[in-house]
Every structure is written in C-alpha cells, then in structure tokens.
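Single-structure report; data block below.
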Amino acid sequence: MRRLSTKQLVGYVSILFALGLFYDLMTGAGNVLFGVLFPFLLYYVGIHFRKRNHEKLAILFYIVGTIILAGVVLSSAAIGFVIAGILLYLGIILVTRHSVREFFFSKISPSLYEEEGIKIQPAYSFATQQELPYVLKDLSEQFIVRDLEIDLTHAYVPEGETLIVVSGVVGDVRILLPSGYDYTLDTSIGFGSVKTDVRRIPTFFNRRIQYRAPEYDEAVRKVRIHVMLGIGNVEVTSI
C-alpha cells in the first residue's frame, strides 16, 4: 500500500470530520449546530471583557466555551468517523505488510544508517538530569501531558551560548541552573504563569514573556531558554 503524505492524511481526516458533522446536522443529534456556535459566542463575550481589562471574566468565558466545544465535538459523529477511518487505515497497513513489527519499527535501528552519516536516536528524552558533573550541550524536550524538571545544577556551562528548547501541551516546566551563569528566557504560554530569579509573573492568558539577565550580552558563558507551553507554569531558578 502506498504511503500517504501528511497533506493527504490531513485531507482525508478533514473529509471524514466534515461527513460526521454533516451526519449530525441531518439527524439533529445533540443539536450540533447550536452546540458549535454557542462556544464561539462565549469567546466573543470573553474578547469583549478582555478589551475592557476584565481579564478574569474573559478567562472564565474562554474556559467555559472551550469545555462546551470539546464536549460537543467529542460526542458528535465526526469524531467517530475520524476514529473509524484511522483504524481502517491502520488495519489495511497491517494486513498488507508482512508483520506488525515492520509497521511499528519500519526496520529502523540506531546503527542501520550510520555509514551514510545518518544518526538515529529517541525523539523524546526522559533523562533530564545527571548527578555527575558533565558539559552542558544544546538540548530539546517535548511532551504532551507531563510535569518536567530539568536539573542542570551538575552541568558545566561551556563558553558561548547554549540553547535549551522545551515544548509541551499541558504541564509545569521547572529548570534548575547552576548559579553564576546568565540566562535569557523566552516563553509563550496559552494559560499559566512564569517565575524567574527576579520576579514571579502571576497567572495570565495568551502571553509571551521574555527575560534577559542584565549582563547577558557580555557574559562568557550563558544559556538561552525557549519554552512553548499550552497550559502550565514555567519556573527558571539558579541554585
């Protein structure tokens, strides 16, 4: 079976989702049209309050609208159509290929392509701290739902700029740095708070927070931190 491109997969999923919504509209199941439009009305009211600096009321309307929209979507036939299509596609792949192992692992091993200069390693690392001294290198962490702590107190920061990138959907991120090293923090959060060595910025909605140590540009050893988070709190502390 020919492998579908990402664009094609998204297209087929969109078609299945649209067919599910159309089925709901034709059968009147759960009054889906009202259920979809009502959350957007709540979003509009939230925007209205936000423009008048009523942040807490705006956030309340955003949260209620999101909960209602999620409930409508999850209970509609659209999700059922999508899940059925995905299971059908996976089933066809498993039947047309020689084994389940070939599908899940695709004969990829860390040493298979080393002679061609291709390096393969796990995409998601869960070992984020070491007890023995080591030289800090650029690192990247990704997660969906998780509380992540990156303990770098035993790390030796080399000369120059070291980059740390963290991206996640839901969870708290805590980064511990060895004292004496300057850092800059650039974080984008849908809903949460940020705490640095200087100050804690309380809970906010849809904000990008940037912090730079006063002597960062002149520092010999420094760390640049980028965090992208849907919901959660970010803390960067020097120990």
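Rule-based calculations on the coordinates, nothing more; no lab input. What you are looking at is a predicted structure, and each value in this text was computed from that prediction instead of being measured. Using ideal geometry, Cβ is built from the backbone for each residue, glycine included, and neighbour counts are taken over all protein chains shown.
Some points to look at:
- For the pair GLU161 and PHE205, a Förster radius of 22 Å applied to the C-beta separation gives a FRET efficiency near 0.10, rounded to the nearest 0.05.
- Exceeding the 30 Å Cα-Cα cut-off - candidates LYS51/LYS222; LYS51/LYS195; LYS56/LYS137: LYS51/LYS222; LYS56/LYS137
- Normalised contact order of region 149-206, rounded percent, pairs of Cα under 8 Å and 6 or more residues apart: 31 percent
- Ranked packing of 49-56, 194-201, most packed first, by mean Cβ within 10 Å: 194-201, 49-56
- Counted charge near SER188, where neighbours are those whose Cβ lies closer than 11 Å (Asp, Glu -1; Lys, Arg +1): +1
- With the highest mean first, a sort of the peptides 227-234, 162-169, 215-222 on other beta-carbon atoms found within 10 angstrom per residue produces 227-234, 162-169, 215-222.
- Note on VAL135 and ALA84: their simple-model spin labels are 5.8 nm apart, each label 7 Å out from Cα toward Cβ.
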